[in-house]
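The block underneath contains the structure these notes are about, expressed in structure tokens.
Computed from the coordinates by the stated procedures, all read-outs in this text should not be read as laboratory data. From a predicted model like this one, the values you see are computed outputs, not experimental measurements. Note: ideal-geometry Cβ built from the backbone for every residue, glycine included; neighbour counts use all protein chains shown.
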Amino acid sequence: MKLKRIMAAAFAGIMAVCCAGCSGSKSAPLKVGVKSDVIGFGFKDTVTNEYQGLEIELAKKLATELGYSGVEFTAVTAATRTELLDSGDLDCVLATFTITEERKKSWDFSTPYFTDAVTVLVEKADGISDLSGLVGKKIGVSTGSTSAYNLAKAMSEKGLLGDYKVPESSKDFDISSFGEKGTKFEQFADYPAISNAMAAGTVDAFCVDKSILAAYKTEGRDYITDTFAPQNYGVATKKGSELSARIEELIVKWKGDGTIDKLIAQFGLN
């Protein structure tokens, strides 16, 4: 009987370890890459050092449902989020990460939890009201984002870039050498830097998803009338990760039962 009890205890221990490996260890946090400067999605309060936003709450819910001890947030940018995911420093990324066919070749994405569109923020005093007003201007974008590609494509489709043909894929778009009709792009490490550059007059406009721009829309600034390139945000995980399917199941569930809609309303994103 004593031998049976020992064997049963050993088996239980093995099963516990296996379950922990499948569902997340009870003693380990879920490592999530999030934005720290996008109000409503991922924003870090400099006074309390607490994160808040739609993606923060989703990350917390994922950690709970998957059996992790909590969440370990890491602030990421468009340029660093995939590098940290690939290296294993992160388990997943919830950072206004747009799903594209090109990106799906390298990472898994959940069903979208939010859909936005790209637009451009300008200083009212400059009198720019639509895409045509951007011809010959310098536009600030975030390094690693697809904003410049999407804007160039939208301008090209309206015939604002002459004979220039935008590549079929964003990976073939060379932002460093682009300069059609005098229109140019300048890349920045983060969104506050683009906003500061626009205030200083070193760039004429700020292009990214409209929900991100909302944090930088002051009384003297406004959006152009055009929006383009709908952006679907999804949870990104390593390609083929066991975590991918489990996260997908939860996102689909929360979209269906209204959980995500309530969070979107809570943070004023609807």
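A few remarks follow.
- Between amide H atoms placed 1.01 Å from N, distances below 5 Å from residue 139 occur with 184, 185, 186, 204, all of them 5 or more places distant or on a separate chain.
- An ellipsoid equivalent to segment 133-270, defined through the eigenvalues of its Cα gyration tensor, has semi-axes of 31, 20, 14 Å when rounded to whole angstrom and sorted largest first.
- Ranked packing of 155-161, 235-241, 217-223, most packed first, by mean Cβ within 10 Å: 235-241, 155-161, 217-223
- Whole-number D in µm² s⁻¹ for segment 62-114, Kirkwood Cα-pair radius fed into Stokes-Einstein, 25 °C, 0.890 mPa s: 199
- Dimensions of the chain based on its C-alpha atoms, expressed as ranges along the principal axes with the largest first, amount to 86, 39, 31 Å.
- Secondary-structure-derived ellipticity at 222 nm for the chain, considering helices only, amounts to -10000 deg cm²/dmol, per-run term -39500 (n - 2.57) for DSSP H runs with n ≥ 4.
- Compactness of segment 158-221 was expressed as the Cα radius of gyration divided by 2.2 N^0.38 Å, which yields 1.29.
- Inter-centroid distance (Cα atoms) of segment 195-270 relative to segment 126-185, Å: 21
- Checking the Cα-Cα distances for 35/158; 31/238; 105/181; 61/255; 137/210 against a 22 Å cut-off, the pairs over it are 35/158; 105/181.
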